[in-house]
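**Q** I'd like to ask you about the structure that follows.
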Amino acid sequence: MSKVKVGINGYGTIGKRVAAAVSKQDDMEIVGVTKTRPTFEAQAAIDRGYAIYVPEGSIPDFKDAGLPVKGTINDLYKAADIIVDCTPGDVGEKYKAEYEAAGIKAIFQGGEDHSLTGISFNSTANYSESWGAQFSRVVSCNTTGLLRTLNPIDRVIKITNAYATLVRRAADPGDSRNGPINGLEPTVKLPTHHGPDVKSVMPWLNINTMAIKASTTLMHLHTVVIELQRESTTEEILGIMRASPRVKLVNSRKGLKGTAELMELGKDMGRDRSDMYEVIVWEDGVKVIGKMLYYYQAVHQESDVVPENVDCIRSMCKLEEDASASVSKTNKTLGIEK
């Protein structure tokens, strides 16, 4: 079977991680990545063996910097079967028009609105909706994290109402433009966009969200309160979470008290870039009282959507019809347990 040829438009925080993940799959390959400027990330892409494609006007800059260029972005469209668009948010309309003109499939990220594609993707919640589609959208890191726990609980017990407060990192670790930051900043427009984003995958779910931007770069932290349709127990919920793909339970009594320790765990696990692909739930912070469920979870904003992009490629390119088979294959290649 020939491999699906994947291009990455935007080799930044998410793009470089998706490229690395795709490179580990036996049914797909990276044919090139794009950069607009000859930065250290462009050099890093070349060092990893990726062909670089750039806007036509940037070719002289790359030539002056001594960085080899394979061609223009339009040349990448001709070389690839599918583009994973990891460009900054709110430029999706421009690139979608280019992908349509080139007759190529494309995956967008959560920075774009659901309306851009009409399909939003989560590996375990709605894998089949992107089957054979020309365009799809992998939801944001926070939405991915919420879906990882809400969807399996809803399948088993059903959720009457869900409420989540997101304590958000203010900037990524490598982003000096948005920091240092000293303070807490509430998102006063309520409900925040995260609830509607969850509903783009689970439209039947009653969910409301709030968010606070915090002085941290490591991870997001969610507090989740769920009203269940029937009474449950803490043990039943923990059992659901243990069986759920890409949900990792940890215990604060073992020293994993916060996001700093979780990122250190990623390093100790030998993860590429110390990434934590799973949503992390503190098992000793899960509590059920009658029909009310309470828990905390942490989301690594730089990496939790990476395996979803790999699975989305499989669905859109009709490589694997069974969602669980794709999830298992991706998990194995990325060292994700379960």
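The values are calculated or read from the model by the stated rules, or taken from the named source; none is laboratory data. Note that the coordinates shown come from a computational prediction; the quantities given were computed from them, not determined experimentally. Backbone-built Cβ (ideal geometry, glycine too); neighbour counts: all protein chains shown. The area values use the complete protein model at the heavy-atom level, side chains included, leaving out ligands, DNA and RNA. Shrake-Rupley method; radii C 1.70, N 1.55, O 1.52, S 1.80 Å.
**Q** Does the range 237-257 hold any residues that are in contact with a helix residue (DSSP H, G or I) (Cβ under 8 Å, 6 or more places away or on another chain) and not in a loop (DSSP other than H, G, I, E, B), and which are they?
**A** Scanning the range 237-257 gives Ile237, Leu238, Ile240, Met241, Ala243, Val247, Leu249, Val250, Ser252, Arg253.
**Q** Kindly indicate the residue of the range 1-41 that is over 19 Å from Ala79 (Cα atoms) and in a helix (DSSP H, G or I) and also most open to solvent (accessible area, probe 1.4 Å) among those meeting that condition.
**A** Phe40
**Q** Could you run through the range 215-230 and say how many residues are closer than 13 Å to Val299 by Cβ and either among the small types (Gly, Ala, Ser) or assigned to a loop (DSSP other than H, G, I, E, B) (or both)?
**A** 3
**Q** So Gly255 passes all but one of these: (1) within 20 Å of the chain's Cα centre (by Cα); (2) exposed (fewer than 13 other Cβ atoms within 10 Å of the Cβ); (3) of a type outside the set (D, E, K, R). Which condition number does it fail?
**A** (1)
**Q** Additional query: Considering only residues that are crowded, with 19+ Cβ neighbours inside 10 Å and farther than 29 Å from Tyr295 by Cβ, which ones fall in the range 120-132?
**A** Result: no residue meets the conditions.
**Q** Of the residues Lys329, Lys318, which single one is touching a Gly at 6+ places or on another chain (Cβ under 8 Å), open to solvent by 40 Å² or more (accessible area, probe 1.4 Å) and at pLDDT 95 or above?
**A** On the way: Lys329 fails: touching a Gly at 6+ places or on another chain (Cβ under 8 Å).
Answer to the check: Lys318.
**Q** Examine the range 139-147 for a residue that is among the small types (Gly, Ala, Ser), open to solvent by less than 10 Å² (accessible area, probe 1.4 Å), modelled with pLDDT of 95 or more and part of a strand (DSSP E or B), and state whether such a residue exists.
**A** Checking the range 139-147: not a single residue is among the small types (Gly, Ala, Ser), open to solvent by less than 10 Å² (accessible area, probe 1.4 Å), modelled with pLDDT of 95 or more and part of a strand (DSSP E or B).
**Q** Among the residues that make up the range 56-75, is at least one of them closer than 21 Å to Tyr277 by Cα, of a type outside the set (A, V, I, L, M) and part of a helix (DSSP H, G or I)? Lay out the reasoning, then the answer.
**A** Just the residues of the range 56-75 that are closer than 21 Å to Tyr277 by Cα, to begin with: none.
For the range 56-75, residues closer than 21 Å to Tyr277 by Cα, of a type outside the set (A, V, I, L, M) and part of a helix (DSSP H, G or I): absent.
**Q** If you don't mind, another one. Within the range 173-213, how many residues are under 27 Å from Ile119 (Cα atoms), assigned to a loop (DSSP other than H, G, I, E, B) and either of a type outside the set (Lys, Arg) or touching a residue at least 24 places away in the same chain (Cβ under 8 Å) (or both)?
**A** The number of residues fulfilling the criteria is 12.
**Q** Being of a type outside the set (Asp, Glu), under 24 Å from the mean Cα position of the chain (by Cα) and at pLDDT below 95 narrows it down to one of Gly89, Gly15, Gly32, Gly7, so name that one.
**A** Checking each option against the conditions leaves just Gly89.
**Q** Okay, moving on. Is it fair to say Asn206 is open to solvent by 10 Å² or more (accessible area, probe 1.4 Å) and modelled with pLDDT of 95 or more?
**A** Yes.
**Q** Which of the residues belonging to the range 258-288 are hydrophobic (A, V, I, L, M, F, W, C), buried (at least 16 other Cβ atoms within 10 Å of the Cβ) and in a helix (DSSP H, G or I)?
**A** Leu262, Met263, Leu265, listed by residue number.
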